[in-house]
Every structure is written in structure tokens, then in C-alpha cells.
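The values are calculated or read from the model by the stated rules, or taken from the named source; none is laboratory data. Source: prediction; values computed, not measured. Because the Cβ atoms are built from the backbone with ideal geometry, glycine has one as well, and the counts that use them run over all protein chains shown. Surface areas here come from the heavy atoms of the whole protein model, side chains and all, with no ligands, DNA or RNA. Shrake-Rupley method; radii C 1.70, N 1.55, O 1.52, S 1.80 Å.
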Amino acid sequence: SDCRIGKDGKFDLNVAQPTSPQPTSPPSRVDGSNAAVGLKVVRGADWAFGDLDGGAGSVGTVTEVDADRQTAFVEWESGLSSDCRIGK
């Protein structure tokens, strides 16, 4: 299934923040302006794909961005992967 990264106003992924006792800022949504290979991501507020990511708190890594198709491929720590749509 496809996750949405700004497409249709939905954001399924956030930028993963380093582990710390207290977050220093609200999570940043992933969209077409910041999706990049190597970006660490977690599920966002609009996530609607169950445990495709391995469960809440699982971190994934963007391994490919296809601007023509407006997609980003994410490999999750669980070993699962997903092709995510990117909004403009």
C-alpha cells in the first residue's frame, strides 16, 4: 500500500527525532520539499496502514525518491518496506 507524504493534504510520515527524554520540538512532516535518501522517518498523524511500518515508534529510512512518480521508498527497521506518495 502507498503512504501519503503531503498528497491530498495527508501526511503519513514524520521526520524521526533522535531519542531523548523529552522531545525538543514537534515532529516535522515529510513532504516533497524534505524527502531525501537517508532521511529517517516514523509514522505521522495521518498514518492509516496498521503495522506496515512494524508498529508505532518504528523508524524507517528513505532509500529512493522518484520525483517523476512523486514517490519515496521506505525500508522499515522491521524489514518491511513501502512505496510512499509525495505531495508537492
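Only residues that are assigned to a loop (DSSP other than H, G, I, E, B) and crowded, with 16+ Cβ neighbours inside 10 Å were counted in the range 31-45, giving 5.
Checking each residue in the range 43-60 for being touching a Leu at 6+ places or on another chain (Cβ under 7 Å) and among the β-branched types (Val, Ile, Thr) picks out no residue at all. For beta carbons closer than 9 Å, sequence separation of 6+ or different chains, a first residue in the range 61-72 that is in contact (Cβ under 8 Å) with a residue 24 or more places away in the chain and a second that is loosely packed, with under 13 Cβ neighbours inside 10 Å and of a type in the set (Lys, Arg), the qualifying pairs are Gln70/Lys88.
Where residues in the range 60-84 are open to solvent by 70 Å² or more (accessible area, probe 1.4 Å) and outside any strand (DSSP E or B), which of them is nearest to Ser33 (Cα to Cα)?
The selected residue is Ala67.
From the list Asp12, Asp46, Asp66, Asp8, which one is of a type in the set (Asp, Glu), over 12 Å from the mean Cα position of the chain (by Cα), under 16 Å from Ile86 (Cα atoms) and modelled with pLDDT of 75 or more?
Exactly one of Asp12, Asp46, Asp66, Asp8 is of a type in the set (Asp, Glu), over 12 Å from the mean Cα position of the chain (by Cα), under 16 Å from Ile86 (Cα atoms) and modelled with pLDDT of 75 or more, namely Asp66.
Please enumerate the residues belonging to the range 46-59 that are over 15 Å from Val15 (Cα atoms), surrounded by 14 or more Cβ atoms within 10 Å (Cβ to Cβ) and either aliphatic (A, V, I, L, M) or in contact (Cβ under 8 Å) with a residue 40 or more places away in the chain (or both). Phe49, Leu52, listed by residue number.
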